[in-house]
Amino acid sequence: MRHLSLFLLCLAACTHALHSYEVGVTDWHKPLAGVPLVQSHSTAPVFHRRRYEDGQTSSVVLTATQSNVLAAIHSANGSIAWRHIFDDDDHIIGFKRDTDIVVALSGPGGANFRVFDSNSGHLLLERRLHDLAAGRLQEPESLGTSVGFGAEEKEKDIYVLTNGHTLRRLDRHTGEVRWGWTAPDQTSSVLYSKIFVTPSTVYLLGLSKSFASYTLHVTSLSPDGGVVVYSGNVPSSIKTGFSQVFVLSDVSAPDTVPRVVWFEDSKIKSLELAPELTAKPATVKGAAYKTIEDVGLSEYGQFVAIAENGSGRVIKLTPEGLKVIWEYSDSATSPTRTGSIYSGGLDVDGHPYIARVFWAHSLKTMSAHVFASHLAEGKGLVTGYTFPFKTGEHGIIRHVAVEAANPEHYRVLARLAVTTTTGAVQMWQKDQLQWTREEGLADIRVAELVELPERKIALHLDSEHETFGARVARQLLDAQDFPQYAVNFVRRFVTGSYTSVSTPVVAPTNASEPLSRDAFGFRKVIVAATPYGKIYGIDSANGDVLWSRVFGLGWAAQVGGQIIPAKLFVTRTVNDGESPQVVLVTQRKASNGLVDTVLFHVDALTGEDARRQSPSNDLLQGEDAVSGPLVEAFLLPTDAGRAVVLLDEFLQVHLYPNSDEVKAAFAAVAPSLRIPLRSGPPGQRRLTGHQVPSEVEFTGLHIAYPTWSLPFPTGEDIFAVFARPTDPVASLGKVLGNRTTLYKYLNPNLVGVVTGPPSTAPLSEKATCGVYLLDGAKGTIIYHSILPSVGGRCEVKATLVENWLVYHYYDPEVVVNQAKGYRVVSVELYEGRGVDDKRKSSDMSSLSNATTDVSVYEQAYVFPRGIRTITPTSTSYGISVKDIIVANENGQIQSFPRRFLDPRRPKHKPTTEEAEEWLIQYDPVIPDDPKRVLSHHYQVAKTQKIVTSPALLESTSLVFAHGLDLFFTRIAPSNTFDVLSESFNKPQLVVTIAGLAFAIVVVKPIVARKKLRERWYD
């Protein structure tokens, strides 16, 4: 019977689940790769062209990203050809490509070795090269690792250097280790970081640290058995590390002896590589240099050297040595242009090209000069052009990858894949923009869904200052559409062709038309901010970017810095009668170490500066709110409107907007505020409650003062503090089957806390995690649970809505009748000591002792799998049942009905009264229903947060998940009870009503005559 009731509940729950035919109709999914890692050549974007047996070729851009993803992006359209998502603790160190494969190293010291098919991304090989605990952590991570390919013409084996001292030769197809070599003295100062392979010798390049610089160290081995041929230092004094050390060879001239090149004391030095290393270092004669750059053409014998005056010179490997073959004109340092970015690439035939890209201040555009050394009868040819890169929208170009074509003898077509400071990746073919990927959205820090106005309101948002005559004229003009509206109304009424909840929300094709909502309020603007200095407005109808603005650094622009989003508040909605606005609270971290708080006030519909201080096509400048770091920020509704309240490190209160009306309104409500804040050093954290006096101090600011302090047990640090969302509560109690009532505990000061061992503490199996519910006004513990850790780490996810707490954790303990696995605990809090004990907790004084009179109902369940985040649904009036939405470890967004998680589920067959409450018999396992997977077949990777927002329909909640990917959908926890179903027969209803009306018209006079005759007889 228990299983039957569970089956019936599943069947009922599935009635409002999304169906497969709604995939891509009521939802959308935007897969992303992440912002490319451009600090190292081993991870930066690079073009890769693969040639097939039929002679056809295809080109992709390979890159490793800050989201720990190795991806290939189609050069033609910017879509993701394939991507491999690495685990969070398995950091990508670097990759190297060959004709048909891509080899990647990851983990400490390059512990993990993988081989991917360059076309499909299929994982061909995977091997653990050494234990993770034995991996050496270097800075940068790529130091001490390298990948090389054999010199054979076919079936090249793979040479892998890991941990800075171990070299292995691996079979290309099986991953079998053919031989391995480890440096005899691993504790020596030599750290190997580069591999170079010739048909006769394998060279390892390392640096030996001396007192003031590094000395180049070279070890040569035989490729057959890994026998050392020679090992010794090369006379050198290198101060820049491996960033300016590389090996030059020339695949087009195999007889040219390869050379190792390094930069030393404004000079370029090189050494011929021979097994015995008998040659002596040589110096490039001529001008003094300040740096050299490996542009990715070391196998083609070319690199770029920057002279003391800033000019760029191309140097090539020749049989006689290194030779300057080209100097870019007007490349010297000048105030009229920025510094140049140099990058190398190939064409279809394998000819090398070097591109120089820079910003010209006078032209306010980007310029590109592409050098081809093989053209003009071997003398070299440069093709120059400009392209309209919009630095106001995408920031500054940080990296460039180049691919070229030579359709005619003196004509070069170049494609540039540029990566910007805002995280955008663009493809430019000469001066034409081919596509843009906003990869910065893979790291959204804060996001809010903002309601759109109705269409007629949106059209007249700017008409608030119009004259009376203009208003009358506008309304008369609008009246001309009334006949068409009346005709459409009659047609809809007769045919029943109304908008359906399953109809896709289509954005208007006219881009000039102002943003407006759909019939049910499913279309909203998603305002999101990233740590790459950019804020976006995203259309929830399709995921397209409606607008974006780049943050200005203010005074920090002189020294450099970064804008880190902290919190985002909707300060004005469409219900206020004007265009909605948001305020973004950020931390500005300048390069000189100073940190302050900056606010950005933005129109949510257009991205315009609400303060009218920044032009539309310029950087978005903020307001310096606090001269120091931020401690806390929250939105406070007042009689003067919504105000943003900021607390600085001295607990001084700053208000935005800082008007007299807001100050007076805040002073009136300040004594009722209760603000719990973290305090104490790591490992000794405590939660301290604060109150704000109504009077200001001599500084003219309110200063919060502590009222209580709650220390946590030794070894517990505060991981998260969360509060109940400010959603409306439709019912203050739950009516039971016996007609008694349990009244919800709705203390407005209730806060949740998740604790665990400090990150600096050594990992211990005995460490524990904690979940607390506290009264934020007094610091009283309302609820507390001690949870086991997993190897000394805590992965507790918790959410609080109304009187319901749900938290998820992993239990590694194995006891009688209990296996290890994931658990979810559902907790409900009710007022008083039992039923019908009403205490009015939502209106109770914070000083009342009755706030601690709580009845707790708690139940634990076995959960199907691990999760990354958890959140409840949200509706307009709180009438619909709350579902729990999670992002699980399988890359799915999944919902779980509250009835499954009800802590009052009886452990016996439900009685009649319990059945009236829709309670089902307790089962320890929460069913993993695939029909409750909101993301269907999409893989929504690395979700960090799920944001829910109400639609106009009370039955529907909008769901936006962001992390590596973006996903949007909608869900009806209690089914769409406020909309007629699509199968409802509206024409039949109209015919029935019309028939009844006709019958009334016909029968009414007959009845009247009959009554008249009856009176005569009476």
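The values are calculated or read from the model by the stated rules, or taken from the named source; none is laboratory data. Every value quoted in this text rests on a predicted model; they were computed, and no experiment measured them. Using ideal geometry, Cβ is built from the backbone for each residue, glycine included, and neighbour counts are taken over all protein chains shown. Surface areas here come from the heavy atoms of the whole protein model, side chains and all, with no ligands, DNA or RNA. Shrake-Rupley method; radii C 1.70, N 1.55, O 1.52, S 1.80 Å.
Note on segment 585-609: residues that are open to solvent by 30 Å² or more (accessible area, probe 1.4 Å) and more than 23 Å from the chain's Cα centre (by Cα) amount to 6.
Within segment 846-863, residues that are without any contact (Cβ under 8 Å) to a residue 24 or more places away in the chain and hydrophobic (A, V, I, L, M, F, W, C) reach partners that are crowded, with 16+ Cβ neighbours inside 10 Å and assigned to a loop (DSSP other than H, G, I, E, B) with beta carbons closer than 9 Å, at six or more positions or on different chains, in the pairs 850/832; 850/839; 850/841; 850/844. Return the residue satisfying two criteria in turn: it lies in segment 239-280 and is of a type in the set (D, E, K, R) and assigned to a strand (DSSP E or B), and of such residues it is farthest from residue 316 (Cα to Cα). In this case the residue turns out to be 264. Here segment 953-970 is the region considered, the condition is being in contact with an Asp or Glu (Cβ under 7 Å, 6 or more places away or on another chain) and open to solvent by 10 Å² or more (accessible area, probe 1.4 Å), and the residue that is farthest from residue 30 (Cα to Cα) is 954. Filtering segment 306-334 to residues that are acidic (Asp, Glu), free of Cβ contacts under 8 Å to residues at least 40 places away in the same chain and either out of contact with any Gly (no Cβ under 9 Å at 6 or more places or on another chain) or open to solvent by less than 70 Å² (accessible area, probe 1.4 Å) (or both) leaves 320, 330.
Scan segment 29-46 for residues that are open to solvent by 20 Å² or more (accessible area, probe 1.4 Å) and either closer than 30 Å to residue 970 by Cα or not in a loop (DSSP other than H, G, I, E, B) (or both) and the total you get is 4. Considering segment 401-460, the qualifying strands (runs of 3 or more DSSP E), each wholly inside and each with 2 or more residues that are small (Gly, Ala, Ser), in contact (Cβ under 8 Å) with a residue 12 or more places away in the chain and not assigned by the TED database to the domain that holds residue 65, run over 411-420. Taken residue by residue, segment 641-650 has no member that is over 21 Å from residue 693 (Cα atoms) and open to solvent by 70 Å² or more (accessible area, probe 1.4 Å).
Residues in segment 378-399 that are open to solvent by 60 Å² or more (accessible area, probe 1.4 Å), assigned to a strand (DSSP E or B) and closer than 18 Å to residue 421 by Cβ: 398 alone. Among (1) at pLDDT 90 or above; (2) touching a Gly at 6+ places or on another chain (Cβ under 7 Å); (3) of a type outside the set (A, V, I, L, M), there is one condition residue 853 misses while meeting the rest; what is its number? Status for residue 853: all satisfied but (1).
Is it the case that some residue within segment 948-967 is of a type in the set (D, E, K, R), modelled with pLDDT of 90 or more and closer than 15 Å to residue 859 by Cβ? No, that holds for no residue.
Applying the criterion of at least 3 residues that are farther than 30 Å from residue 911 by Cα to the strands (runs of 3 or more DSSP E) found wholly in segment 708-784 leaves 717-723, 750-756, 768-775.
Taken together, the residues in segment 674-691 that are touching an Asp or Glu at 6+ places or on another chain (Cβ under 7 Å) and open to solvent by less than 60 Å² (accessible area, probe 1.4 Å) amount to 3.
Of these, 992, 948, 976, which one is in a loop (DSSP other than H, G, I, E, B) and either assigned by the TED database to the domain that holds residue 876 or of a type outside the set (A, V, I, L, M, F, W, C) (or both)?
That would be 976, the only listed residue that is in a loop (DSSP other than H, G, I, E, B) and either assigned by the TED database to the domain that holds residue 876 or of a type outside the set (A, V, I, L, M, F, W, C) (or both).
Taking segment 652-673 as the range and being in contact (Cβ under 8 Å) with a residue 24 or more places away in the chain and either crowded, with 20+ Cβ neighbours inside 10 Å or over 18 Å from residue 847 (Cα atoms) (or both) as the test, the residues that pass are 652, 653, 654, 656, 662, 664, 665, 666, 667, 668. For beta carbons closer than 6 Å, sequence separation of 6+ or different chains, a first residue in segment 692-711 that is in contact (Cβ under 8 Å) with a residue 12 or more places away in the chain and open to solvent by 40 Å² or more (accessible area, probe 1.4 Å) and a second that is of a type in the set (D, E, K, R) and not in a strand (DSSP E or B), the qualifying pairs are 703/697.
Taken together, the residues in segment 335-355 that are outside any strand (DSSP E or B) and open to solvent by 20 Å² or more (accessible area, probe 1.4 Å) amount to 9.
Answer yes or no as to whether residue 730 is over 15 Å from residue 773 (Cα atoms), out of contact with any strand residue (DSSP E or B) (no Cβ under 9 Å at 6 or more places or on another chain), outside the structural domain of residue 879 (by the TED database) and open to solvent by 30 Å² or more (accessible area, probe 1.4 Å). Answer is yes for this residue. Of all residues in segment 789-814, none that is assigned by the TED database to the domain that holds residue 945 and closer than 30 Å to residue 742 by Cβ has its Cβ atom under 8 Å from the Cβ atom of a residue that is surrounded by fewer than 19 Cβ atoms within 10 Å (Cβ to Cβ) and small (Gly, Ala, Ser), 6 or more apart or on another chain. Just to be sure I understand the filter: pairs with C-beta atoms under 7 Å, separated by 6 or more residues or on different chains, first member in segment 164-177 and assigned to a loop (DSSP other than H, G, I, E, B), second member β-branched (Val, Ile, Thr) and surrounded by fewer than 21 Cβ atoms within 10 Å (Cβ to Cβ). Which pairs pass? Between residues of segment 164-177 that are assigned to a loop (DSSP other than H, G, I, E, B) and residues that are β-branched (Val, Ile, Thr) and surrounded by fewer than 21 Cβ atoms within 10 Å (Cβ to Cβ), the close pairs are 165/182.
Every listed requirement among (1) of a type in the set (Phe, Trp, Tyr); (2) more than 42 Å from the chain's Cα centre (by Cα); (3) open to solvent by less than 10 Å² (accessible area, probe 1.4 Å) is met by residue 230 save one, (3). Taking the criterion of being open to solvent by 50 Å² or more (accessible area, probe 1.4 Å) and among the basic types (Lys, Arg), would at least one residue in segment 356-376 satisfy it? Yes, segment 356-376 contains a residue that is open to solvent by 50 Å² or more (accessible area, probe 1.4 Å) and among the basic types (Lys, Arg).
Flag: residue 127 does not match the condition of being touching a Lys or Arg at 6+ places or on another chain (Cβ under 6 Å) and surrounded by fewer than 20 Cβ atoms within 10 Å (Cβ to Cβ). Strands (runs of 3 or more DSSP E) fully within segment 817-873 that include at least 1 residues being of a type in the set (Gly, Ala, Ser) and crowded, with 19+ Cβ neighbours inside 10 Å: 821-831.
Go through segment 54-72 residue by residue and tally those that are over 17 Å from residue 404 (Cα atoms) and of a type outside the set (Asp, Glu).
11
Answer yes or no as to whether residue 106 is farther than 28 Å from residue 415 by Cβ and among the hydroxyl-bearing types (Ser, Thr, Tyr). Yes; evaluated as a whole, the condition is true for this residue. Of note, residue 759 satisfies the criterion of being open to solvent by 50 Å² or more (accessible area, probe 1.4 Å) and under 33 Å from the mean Cα position of the chain (by Cα). Looking at 445, 437, just one residue is closer than 30 Å to residue 953 by Cα and modelled with pLDDT of 95 or more, and that residue is 445.
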